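Notes follow the structure.
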Amino acid sequence: STQSALNFGAGPAKLPREVLEDVQKEFLSYQDTGMSLIEMSHRSKEYTKINADVQTAVRELLQVPDNYKILLMQGGGCGAFAAVAMNLINRTGAADYAVTGTWSAKAAKEAAKYGEVNLVFPKADKPGSIPDRSTWKMNPQASYVYYCDNETVDGVEFSYIPETNGVPLVSDMSSSIMSKKIDVSKFGVIFAGAQKNIGPSGVVVVIIREDLLGNPMKCCPSVFDFTHIAKENSVHNTPATFSVYVTEKVLQWIKRNGGLDEMAKQSQEKSGLLYGAMVASGGFYSCPIDEDCRSRMNVPFRVGGGDEKLEELFLQEAEKLRMHQLKGHRSVGGIRASLYNAVTLADVRLLVQFMEEFQKRHA
Ligand code: PMP
């Protein structure tokens, strides 16, 4: 069937139907060349334009200041964990990490291979809260302060940008990029794997302030060297051309659909609807995350107080209604609904309707 499913996956995740149709239309012959884009050189004039356009779109959408470079890299978010450390930790040999969940914990572990890592607050046994900024123990000698804006697995999102008193701030925005406006000038580096809000897997967008370039560790591979990739305009070697091309289309779709103001508004509405439904359920559905850091992008919840049999049934019934990829991450269990930009308010309404009916039958 060509009818699309309701896709609440955490990533790779739903992309706008319009974009997929557009890609399909020009798949065999890109702009009347008689060739597919995936058959073309990354040095062709066609790809050169895509490479430029995607950078322009990122710059426009996020209002990236002129003293920042935009890089398109490979290696995924996990590659960026290593790249950030290899490119930035050299200045003082130490870095500060705020660990608020699965992905920042992995980033801290990776960085520890390259320098001294200080956790600015003790790791919580169970993520679900962000210690108040005033309690963070920061090292003024840190090369950078690192945090994950939105923890995809745990459903913990920052509602503010941490103040670092001049130490460069690095943020993993893999699962929140282009879902809200951000003041890029507050950051040293922002990076994001594309495969949630802005494209397919295979490409990582890195936004870096120029003065942070030029000091990679000797061991840093060229493909991870921000300075080198910036110099080569992101075509040091063969990029994931197809992924970059689709990403460019998604960014144009965001622009056509009201830009980041509209994405932010819809994200509030969608997540608000779901969190509201949990409150209305009187505890049948529950979210373990503190209210002040509940993610607008990934909403984890439990059914029947964490009754695994009931949750299994919930997933089975949801599948029958073509609601897919609702299973929580294997490390935390339960249910997780991801509400990236391409997921519509109508999709969320259907999910909430199903939740209400399920509760009537099983509470
Ligand atoms: N950071 C975040 C916030 C993520 O959600 C993920 C992946 N889900 C990663 C990093 C790792 O990305 P990748 O799988 O591309 O290495």
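The values are calculated or read from the model by the stated rules, or taken from the named source; none is laboratory data. Owing to the predicted nature of the structure, the values given are computational and were not obtained by experimental measurement. Cβ sites come from the backbone with ideal geometry, for glycine too, and all protein chains shown count toward neighbours.
Within segment 129-138, does at least one residue satisfy the condition of being under 29 Å from GLN325 (Cβ atoms), within 16 Å of the ligand (Cβ to nearest atom) and touching a residue at least 12 places away in the same chain (Cβ under 8 Å)? Looking for residues that are under 29 Å from GLN325 (Cβ atoms), within 16 Å of the ligand (Cβ to nearest atom) and touching a residue at least 12 places away in the same chain (Cβ under 8 Å), one finds at least one in segment 129-138, hence yes. Restricting attention to segment 24-44, the residues that are under 19 Å from HIS236 (Cβ atoms) and of a type outside the set (A, V, I, L, M) add up to 4. Restricting attention to segment 138-152, the residues that are buried (at least 21 other Cβ atoms within 10 Å of the Cβ) and in a loop (DSSP other than H, G, I, E, B) total 5. Can ASP96 be described as at pLDDT 95 or above, within 29 Å of SER129 (Cα to Cα) and charged (D, E, K, R)? Yes, satisfied. Residues in segment 324-363 that are among the acidic types (Asp, Glu) and touching a Phe, Trp or Tyr at 6+ places or on another chain (Cβ under 9 Å): ASP347 only.
So, of the residues in segment 80-135 that are of a type in the set (S, T, N, Q) and part of a helix (DSSP H, G or I), which turns out to be surrounded by the fewest Cβ atoms within 10 Å (Cβ to Cβ)? Among those that are of a type in the set (S, T, N, Q) and part of a helix (DSSP H, G or I), it is SER134.
Among the residues of segment 188-199, at least one is away from the ligand (no atom under 16 Å from the Cβ) and out of contact with any His (no Cβ under 8 Å at 6 or more places or on another chain).
Scanning segment 251-278 for residues that are of a type outside the set (Gly, Ala, Ser) and either at pLDDT below 95 or part of a loop (DSSP other than H, G, I, E, B) (or both) gives a single hit, ASN257.
Considering every residue within segment 49-72, establish whether at least one is buried (at least 16 other Cβ atoms within 10 Å of the Cβ), within 16 Å of the ligand (Cβ to nearest atom) and at pLDDT 95 or above. The answer is yes, given that some residue of segment 49-72 is buried (at least 16 other Cβ atoms within 10 Å of the Cβ), within 16 Å of the ligand (Cβ to nearest atom) and at pLDDT 95 or above.
The residue list ASN215, ASN233, ASN165 contains one member that is away from the ligand (no atom under 16 Å from the Cβ), under 22 Å from SER41 (Cα atoms) and not assigned by TED's automatic domain parsing to the domain that holds LYS327, which is ASN233. All of GLU248, GLU163 fail the test of being assigned to a loop (DSSP other than H, G, I, E, B) and in contact (Cβ under 8 Å) with a residue 24 or more places away in the chain, apart from GLU163.
State whether one or more residues within segment 56-79 are in a loop (DSSP other than H, G, I, E, B), aliphatic (A, V, I, L, M) and assigned by TED's automatic domain parsing to the domain that holds LYS218. Taking every residue of segment 56-79 in turn, at least one turns out to be in a loop (DSSP other than H, G, I, E, B), aliphatic (A, V, I, L, M) and assigned by TED's automatic domain parsing to the domain that holds LYS218. Of all residues in segment 305-322, those satisfying the criterion of being surrounded by 20 or more Cβ atoms within 10 Å (Cβ to Cβ) and not acidic (Asp, Glu) are PHE314, ALA318.
Applying the selection to segment 235-276, what residues are out of contact with any strand residue (DSSP E or B) (no Cβ under 7 Å at 6 or more places or on another chain) and of a type in the set (A, V, I, L, M)?
The answer is VAL235, ALA240, VAL246, VAL250, LEU251, ILE254, LEU260, MET263, ALA264, LEU273.
Where residues in segment 96-128 are of a type in the set (Phe, Trp, Tyr) and within 17 Å of CYS293 (Cα to Cα), which of them is nearest to the ligand (Cβ to nearest atom)?
Looking at residues that are of a type in the set (Phe, Trp, Tyr) and within 17 Å of CYS293 (Cα to Cα), I get TRP103.
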